[in-house]
Amino acid sequence: MKWQDYGTDIKLILFEFNVNPIPYLRGNLKEIGSYRRKEKSIGIPTIIDDENFFQLNESEQWNFLNEKIVAKLLLVKEKVKRNKLDFNIDGLITDVKKICGEKPAANTT
């Protein structure tokens, strides 16, 4: 996957995995970071802990990660629309679903 295939306004989507964060950090994490125009990037924090990940078996962990990545990309979709960015987020979501082995849903937009 190359960023050039999806547009010019986002070069990097950084998934920030916070493993067993302290309560203060957990309470202050944003659902999605701000778009950094200079870097052409967006950071997406995700919490990984015993409750949502480590108690799962390997198959369930993969499912969790796949679902979390797609869900977070849907948040990026809203940010792309709001900031009117040149970025084909629907194409990226479809490609990520293919890589994860999930069948993409019919286009609803």
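What is the one condition in (1) exposed (fewer than 12 other Cβ atoms within 10 Å of the Cβ); (2) touching a residue at least 60 places away in the same chain (Cβ under 8 Å) that N88 does not satisfy?
(1)
For the stretch 3-42, give me each residue that is within 14 Å of the chain's Cα centre (by Cα), within 15 Å of E78 (Cβ to Cβ) and surrounded by 13 or more Cβ atoms within 10 Å (Cβ to Cβ).
Selection gives I10, I13, I32, G33, Y35, I42.
If only one of N66, N57 is touching a residue at least 24 places away in the same chain (Cβ under 8 Å) and over 18 Å from W3 (Cβ atoms), which one is it?
Exactly one residue qualifies, and that residue is N66.
Can you report the number of residues in the stretch 65-102 which are in contact with a helix residue (DSSP H, G or I) (Cβ under 7 Å, 6 or more places away or on another chain) and among the basic types (K, R)?
Total meeting the criteria: 2.
We did not get these values from a lab; they are worked out from the coordinates using the rules stated. Keep in mind that what you see is a predicted model, and the values were worked out from it rather than measured. Methodologically, a virtual Cβ is constructed for each residue, glycine included, from the backbone with ideal geometry; neighbour enumeration extends over all protein chains shown.
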